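Read through the structure below, which is laid out as structure tokens, and then see the notes.
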Amino acid sequence: GESDEGQFDGPPRPVDFVTGCALLVRTRVLEEVGGLDERFFAYYEEVEWCLRMQRAGYRILFVPRSKIWHKISPERREASPRVHYYMTRNRLLFLHLGHAPLRARLWTTFSYARTLLSWSLKPRWRHKAPQRRAMWQAIRDYRRGRLGRCESTKV
């Protein structure tokens, strides 16, 4: 994230989505559009949910005066294999559900292929082997319809 030094101040304004760690939703919206899609488990679930709300005619607002605290470890600079797994698999699911244009689906395919090739062939990326394995597992699980929480201890 980015430290808040006042650059976000101003009136509430529409955004495409908000993160699940800091949001308020009216009960009637939940009743109308449903809750988070459990197939995602982690990552992309709130993006998909916000898009469903927008399609139902609701606005998603960023409220600058709101205050949140979301504690994460400052030492964790590189995403873990588990994060790569869920981000990869759930992005594929998100795109499959029709939430993005064809060019985004094509770009994602190209981007994953390039990343996996680079992490496999270039010596400077050898340390990314756990993340590479997690991405491959995510692609396999997505293709096999294995969604929701990943029970594998390897990810």
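Of these, E46, E31, E38, which one is out of contact with any strand residue (DSSP E or B) (no Cβ under 6 Å at 6 or more places or on another chain), under 30 Å from S80 (Cα atoms) and exposed (fewer than 13 other Cβ atoms within 10 Å of the Cβ)?
E38
Quick check on my filter: what residues within region 134-155 are of a type in the set (K, R) and either assigned to a loop (DSSP other than H, G, I, E, B) or in contact (Cβ under 8 Å) with a residue 24 or more places away in the chain (or both)?
Scanning region 134-155 gives R144, R146, R149, K154.
Which one of D9, D16, D4 is in contact (Cβ under 8 Å) with a residue 24 or more places away in the chain and more than 18 Å from the chain's Cα centre (by Cα)?
Being in contact (Cβ under 8 Å) with a residue 24 or more places away in the chain and more than 18 Å from the chain's Cα centre (by Cα) holds for just one of D9, D16, D4, which is D9.
Using the structure shown, decide if S111 is surrounded by fewer than 15 Cβ atoms within 10 Å (Cβ to Cβ), at pLDDT 85 or above and outside the structural domain of Y43 (by TED's automatic domain parsing).
Yes: the conditions hold for S111.
Out of region 12-66, which residues are under 26 Å from R143 (Cβ atoms) and of a type in the set (S, T, Y)?
Y43, Y44
Given the structure, is I68 among the aliphatic types (A, V, I, L, M), in contact with a Cys (Cβ under 8 Å, 6 or more places away or on another chain) and free of Cβ contacts under 8 Å to residues at least 60 places away in the same chain?
When the stated conditions are applied, I68 passes them.
Between residues in region 87-108 that are in contact (Cβ under 8 Å) with a residue 24 or more places away in the chain and buried (at least 17 other Cβ atoms within 10 Å of the Cβ) and residues that are small (G, A, S) and assigned to a helix (DSSP H, G or I), which pairs lie under 7 Å by C-beta distance while being six or more apart or on different chains?
From residues that are in contact (Cβ under 8 Å) with a residue 24 or more places away in the chain and buried (at least 17 other Cβ atoms within 10 Å of the Cβ), the pairs are T88/A138; R89/A138.
Counting only residues that are under 19 Å from the mean Cα position of the chain (by Cα) and either closer than 28 Å to G10 by Cβ or in contact (Cβ under 8 Å) with a residue 24 or more places away in the chain (or both), how many does region 26-54 have?
17
The values are calculated or read from the model by the stated rules, or taken from the named source; none is laboratory data. Remember, it's a predicted structure, so these values are computed and weren't measured experimentally. Using ideal geometry, Cβ is built from the backbone for each residue, glycine included, and neighbour counts are taken over all protein chains shown.
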